[in-house]
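Participant: There's a structure below that I have some questions on.
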Amino acid sequence: TVVFGLYCLIAILLIGNMVLSSFKTKDELLHNTFGVPKVFSLENYRTVVVEDGFLRYFLNSIVLTLLSIVSLVFFSSMTAYGIARYRFKGKSLLEVYFLLGLMFPIQIAILPLFIIMRNLGLVNNYLGMIILYTANMSFSLFIFSQFFRDLPAALHESAVIDGAGEFRIYATIMMPISKPVIFTVGLINFVQIWNDFYIPLVFLTRRALSTLTLAIYRYLANFLSYWNYVFAAATIALVPVIVVFFVFSDQIISG
């Protein structure tokens, strides 16, 4: 309890200071780094949103993240359902193959991945990004497969007796009762994809396709000149994660 309490206190202090700093001018940040702003100024937000077109990058991140999560949940749940509910030759090897994905970060394979994506014309393309995020399904597949294994076999058997096909069983029976797991997997991947910097940096070189993390990085690259804008941009990027957490907190806890 003490460790978690200290961790939460540090996180709240850092986030709170970031939010307060987003309302300070550059001069006040220099002389009043950790205090409450003497005058709350919206100039940083105006510059970031209006002049730098930050809302476009915000929308890019929203579209990319949501489409990636939908694809990831669909394919990982369907794969996990097949692995968990059926017996077939090579099943154990297939499970090990997917779990190996938890051991190796994508960075170690970035060069062959880039060559493959370039040859397929998927660089500077959201479809390519969605495919990459969907392929990183090891953790999601593990969570779904454990859930599907615990479901009673009678659910599947009764649906088969009633004449339901395999995809109908998956779509109308298994997925609705796995909503807590869907929300949990969705939120974990939402935070991961939303905050991802490395993959967009490598595969999205066109500025118009940039995500929030790339836009913030451009400020950080010239931190001494734009450090007042960094806090405003980071605060904007934090809002969706907090909103999603509070809206779906009950489902996350039950999951």
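Participant: Given Cβ point charges of +1 (Lys, Arg) and -1 (Asp, Glu) and nothing else, what value in debye, to the nearest 20, does the dipole of region 16-162 about its Cα centre take?
Facilitator: 300
Participant: In addition: Enumerate by residue number the trypsin sites (Lys or Arg not before Pro) in region 159-207 meeting two conditions: DSSP loop (anything except H, G, I, E, B), and at most 12 other Cβ atoms within 10 Å of the site's Cβ.
Facilitator: ARG206
Participant: Picking from MET174, MET117, MET103, which is most flexible by a Gaussian network model of the chain using Cα springs under 10 Å?
Facilitator: The residue with the greatest mean-square fluctuation here is MET103.
Participant: Follow-up. With a 10 Å cut-off between alpha carbons and a GNM built on the chain, which of SER41, SER138, SER210 moves the most?
Facilitator: It is SER41.
Participant: Ignoring ligands and nucleic acids, what accessible area does THR1 show with a 1.4 Å probe (Å², nearest 10)?
Facilitator: 150
Participant: Also: Describe numerically, in nm with one decimal, the distance between label points set 7 Å from Cα along Cα→Cβ at LEU127 and at ASN17.
Facilitator: In this crude spin-label approximation the distance works out to 4.6 nm.
Participant: Kindly provide the helix-only [θ] at 222 nm of the chain, computed as the sum of -39,500 (n - 2.57) over DSSP H runs of four or more divided by all residues, to the nearest 500 deg cm²/dmol?
Facilitator: Calculated at 222 nm, the ellipticity per residue is -22000 deg cm²/dmol.
Participant: Treat every Asp and Glu Cβ in the chain as -1 and every Lys and Arg Cβ as +1, leave all other atoms uncharged, and give the resulting dipole magnitude about the Cα centre to the nearest 20 debye.
Facilitator: Computed about the Cα centre, the dipole is about 400 debye.
Participant: Next question, about the same structure. Hey, what's the Cα Rg ratio for region 111-194 versus the globular rule of thumb, 2.2 N^0.38 Å?
Facilitator: 1.45
Participant: Roughly how many percent of the accessible protein surface of the chain is carbon and sulfur, given a 1.4 Å probe and a whole-percent answer?
Facilitator: The computed percentage sits at 71.
Participant: Taking the alpha-carbon distance from LYS24 and a cut-off under 25 Å, which lysines remain once sequence neighbours fewer than 8 residues away in the same chain are dropped?
Facilitator: Qualifying lysines at Cα under 25 Å: LYS38.
Participant: Still on this structure, I have one more. Taking the square root of 5 times each eigenvalue of the Cα gyration tensor, what semi-axes in Å does the equivalent ellipsoid of region 201-255 have, largest first?
Facilitator: Computed over region 201-255, the values are 29, 16, 7 Å.
Participant: With every protein chain kept in place and ligands, DNA and RNA left out, what is the accessible area per residue of region 82-126? Probe 1.4 Å, answer in Å².
Facilitator: Solvent-accessible surface per residue comes out at 74 Å².
Participant: Skip the ligands, DNA and RNA, and give the accessible area per residue of region 136-255 with a 1.4 Å probe, whole Å².
Facilitator: Averaged over the residues of region 136-255, the accessible area is 52 Å².
Participant: Related question: Computed FRET efficiency, Cβ-Cβ of ASP27 and PHE74, R0 45 Å: what is it to the nearest 0.05?
Facilitator: Computed FRET efficiency for ASP27 and PHE74: 0.35.
Participant: When the chain is treated as a GNM, springs tying every alpha-carbon pair under 10 Å, which of GLY186, GLY121, GLY163 comes out with the largest mean-square fluctuation?
Facilitator: Evaluated over the chain, the most mobile residue of the options is GLY163.
Participant: Suppose the chain between VAL160 and PHE88 were pulled fully straight at 0.36 nm per residue; how much longer would it get relative to their current alpha carbon spacing?
Facilitator: Roughly 24.0 nm would be gained on extension.
Participant: Continuing with the same structure: I want to verify the translational diffusion coefficient of the chain in µm²/s; compute it with Stokes-Einstein, Rh as the Kirkwood radius over Cα pairs, at 25 °C and 0.890 mPa s.
Facilitator: In µm²/s, the coefficient is 117.
Participant: Identify the chymotrypsin sites (Phe, Trp or Tyr not before Pro) of region 42-139 meeting these criteria: DSSP loop state and at most 13 other C-beta atoms within 10 Å of the C-beta.
Facilitator: TYR86, PHE88
Participant: To continue, here is another question. At a probe radius of 1.4 Å, what is the per-residue accessible area of PHE167, in Å² to the nearest 10?
Facilitator: 120
Participant: How big is D, in µm² s⁻¹, for region 7-141 by Stokes-Einstein at 37 °C and 0.692 mPa s if Rh is the Kirkwood radius over C-alpha pairs?
Facilitator: 171
Participant: Can you give the percent of C-alpha pairs in region 131-255 whose distance is more than 20 Å?
Facilitator: That tail contains 61 percent of the Cα-Cα pairs.
Participant: Given a 1.4 Å probe and heavy atoms of the protein chains only, how would you sort LYS91, LYS24, LYS179, LYS38, largest accessible area at the top?
Facilitator: These residues rank, largest area first, as LYS38, LYS179, LYS91, LYS24.
Participant: Helix 2-21: angle to the longest alpha-carbon principal axis of the chain, degrees 0 to 90, nearest 10?
Facilitator: 50
Participant: Where does helix 223-247 land angle-wise versus the long Cα axis of the chain, in degrees 0 to 90, nearest 10?
Facilitator: That helix lies at roughly 40 degrees to the long axis.
Participant: From the Cα trace of region 111-153, what convex hull volume per residue do you get, rounded to a whole Å³?
Facilitator: 91
The values are calculated or read from the model by the stated rules, or taken from the named source; none is laboratory data. Keep in mind it's a predicted model, so treat the numbers as computed, not measured. Here the Cβ is made from the backbone with ideal geometry for all residues, glycine too, and neighbour counts use every protein chain on show. Note: areas computed on protein heavy atoms with side chains; ligands, DNA, RNA excluded. Shrake-Rupley method; radii C 1.70, N 1.55, O 1.52, S 1.80 Å.
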